[in-house]
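Some notes on the structure that comes next.
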Protein chains: 2
Amino acid sequence: MGLLTVTAEAGEEPQGKRGLCGAVLFLPPRSRLHTTQVFELLSVQLATAVWDILLLQCSPSYTRVACDKAAGSVVARTMGSRRRLLLVSNSTLHGGTYLAHCQDHIRAFLGEQVKRVLFVPYALHNRDAYAKTAREKFESLGYGMDSIHESSNPVEAVRKSEAIFVGGGNTFRLLKALYDNGLITEIRKRVLEDGTPYIGSSAGTNVATISVNTTNDMPIVYPPSLSALGLVPFNINPHFLDPDVNSKHMGETREQRITQYHEELDTPPVLGLREGSLLLVEGDKATLLGVTGARLFMRGKAPTEHMPGEKFSFLLMDS
Amino acid sequence: MGLLTVTAEAGEEPQGKRGLCGAVLFLPPRSRLHTTQVFELLSVQLATAVWDILLLQCSPSYTRVACDKAAGSVVARTMGSRRRLLLVSNSTLHGGTYLAHCQDHIRAFLGEQVKRVLFVPYALHNRDAYAKTAREKFESLGYGMDSIHESSNPVEAVRKSEAIFVGGGNTFRLLKALYDNGLITEIRKRVLEDGTPYIGSSAGTNVATISVNTTNDMPIVYPPSLSALGLVPFNINPHFLDPDVNSKHMGETREQRITQYHEELDTPPVLGLREGSLLLVEGDKATLLGVTGARLFMRGKAPTEHMPGEKFSFLLMDS
């Protein structure tokens, strides 16, 4: 295998992966490149290349990408990420208390090794009050909690965290604050490379995905991009709502809105997570938890219904 | 009155207004400047200035702005715009057909002088089908219709238009297309300076306001800004929906979403237009039409209810 060394166009060069890689190339998520394009990017000619398998660093959402010369194409494909995510549709279920409907899942997810959780309260205006609510809940589950807004150095707080919980509220406000505080890269690195457990609820689930294009929230502020943490290569629509056949309101149904998204080119799958549903992601495996099921929307296909316990690992691989 | 000539920082220098103006200064919408800041912007010292009243050109949403030295402050204030707007909450009312609930208002608004209307179908994916629907309706009302997507030069189509109708759909898609086609400045100029009648429905109403921060739509694409046409200096929330007391859904109510917007600094009023409501704007006068009323949200104040026939002219002045 010939070793090619290239300068990355964006992002940081991955640490400790040079031994695995024939070359390092940074690609946007969901990249699909013909091998000739790869060679153009690498500034070498196909004829002069000597290699069998090229391992690529793909930014932002993929750990490594396999490129097989024989296949004639490169498909961005998550390989070997250490990620562990618990993506919750909603913080509070009707008639219940804060996080009560998913507290057993949270405990099972964090286990006994995690002692303290870092809370990200950016999605709500009153961060102190929000942190108090979250802290009381997590302490009742046996975990200490630090809120990132109480830290003088948010990036360092992420760097030191054992686990991260990003709460719900307004997705635009949350994403803008993540960018403003320089946290996108650091959270992504901790989750994808270090395996730091990530819990997201509602807006915190939106920002965990490839983009916030399928949030339900009002765009009360303007983030520098709709691209999000990209911990998974698809979109989630939290609080997914089935059409109300008795409604006289003429605004678009949720399904119509997601269909409009899929009228745009190259849009990824959207998993509509009903209130009461959660998605557990462990490496390259994804499992639907909770009681209410989910509805999956793929561009150009009819939506499909999915029951608790079903696997969604194909959404992680088929990018 | 001393004549000060300054170079505008943004936008075009207004045509034909030099005779009226002591100085020309471009300000963002809702600007509130102390006079000393105005002089800083004009690069002159307070002591050396000789003036009584300074007329300022305010971009993007104000025609002219009065600045009184004695008052000690400058408040951006719409003066003398020739605008005529009919801003409709929704295209179709439950149980009705396309634009049926507001067709009498459209006819009264356009009158008999307008012969042809320019349609902007950018908010929906299938522009041909959308133009067909709109054309059939407007022809039934006695107006010819051209669709801007059928023109090889959209800016020129706006320039020649007798009246403009911007249809509903996805607000983000619509706003991005207006920017992509270079239409923001041209539509604003035609409406504010030439008095070209503008009809907006749903997303078309959103983009007529100062920004799309209070749209209900999903951010399926990323426009270069959330600032919109700025034909009025406040926000509208179309399809405004009162809370459903029987709902078990835990997503934010419309009122909660608007309240979150007003948690942000310097956010303008939001007029929640229920389905079946319209706002008629003529120069500096605004009147609520339709049958369902509206709910007005002002930052730091309790929301207020408003009945058809009420005047909202203060929203145009108190900026």
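Remarks
- Counted by neighbouring Cβ atoms within 10 Å, the residues A:THR97, A:THR292 run from fewest to most as A:THR97, A:THR292.
- Alpha-carbon centroids, region A:288-318 and region A:121-159: separation in whole Å: 31
- Sorted shortest first, the separations between the A:ALA302 label point and its copies elsewhere in the assembly read 5.2 nm; each point sits 7 Å from Cα along the Cα-to-Cβ line.
- Neighbouring partner chain Cβ atoms per residue of B:222-232, average, 10 Å criterion: 2
- Axis between B and A by rotation; chain B residue with nearest Cβ and distance in whole Å recorded as B:PRO219, 3.
- Region A:81-106 and region B:194-256 have their alpha-carbon centroids 31 Å apart.
- Rounded, prolate or oblate (a/c below 1.5 giving rounded, otherwise prolate when a/b exceeds b/c) for region A:215-301 by Cα gyration tensor: oblate
- For region A:132-215, the calculated P(r) over all alpha carbon pairs, in 5 Å bins from 0 to the bin holding the longest distance, is 3, 14, 25, 28, 20, 9, 1 percent.
- Cβ-derived FRET efficiency at R0 35 Å, B:VAL291 paired with B:PHE314, nearest 0.05: 0.95
- Charge dipole magnitude, Cβ of K and R +1, D and E -1 - region A:155-197, Cα centre, debye nearest 20: 120
- With an a/c value under 1.5 for the gyration tensor axes a ≥ b ≥ c computed over the alpha-carbon atoms, region A:86-234 is described as rounded.
- At R0 = 35 Å, FRET efficiency that the Cβ-Cβ distance of B:HIS249 and A:ASP284 yields, to 0.05: 0.60
- All-pairs Cα distance distribution in region B:77-121, expressed in whole percent, bin size 10 Å: 20, 46, 26, 7, 0
- Residues with amide H under 5 Å from that of A:ALA228, placed H, sequence gap 5 or more: A:SER211, A:VAL212
- Relative protection proxy for B:106-112, B:189-195, from highest mean packing down: B:189-195, B:106-112 (other beta-carbon atoms within 10 angstrom).
- Across the copies of the chain, B:GLN113 has label points (7 Å from Cα along Cα→Cβ) spaced 7.6 nm apart, shortest distance listed first.
- Per-residue average of Cβ from other chains inside 10 Å of B:253-259: 2
- Peptide packing: for A:304-311, B:149-156, the average count of neighbouring Cβ atoms within 10 Å per residue gives the ranking B:149-156, A:304-311, highest mean first.
- Teacher prompt: B:SER225 distances to equivalent labels in other copies, 7 Å Cα→Cβ, nm: 2.2
- Computed over neighbours whose Cβ is under 9 Å from that of B:LEU288, the net charge equals 0, Lys and Arg +1, Asp and Glu -1.
- Taking all Cα pairs closer than 8 Å and separated by 6 or more residues, the relative contact order of region A:207-319 comes to 22 percent.
Readers should treat all values here as calculations from the given coordinates under stated rules, not as data from a laboratory. Predicted, not measured: the structure shown is a model, and the values here were computed from it. Here the Cβ is made from the backbone with ideal geometry for all residues, glycine too, and neighbour counts use every protein chain on show.
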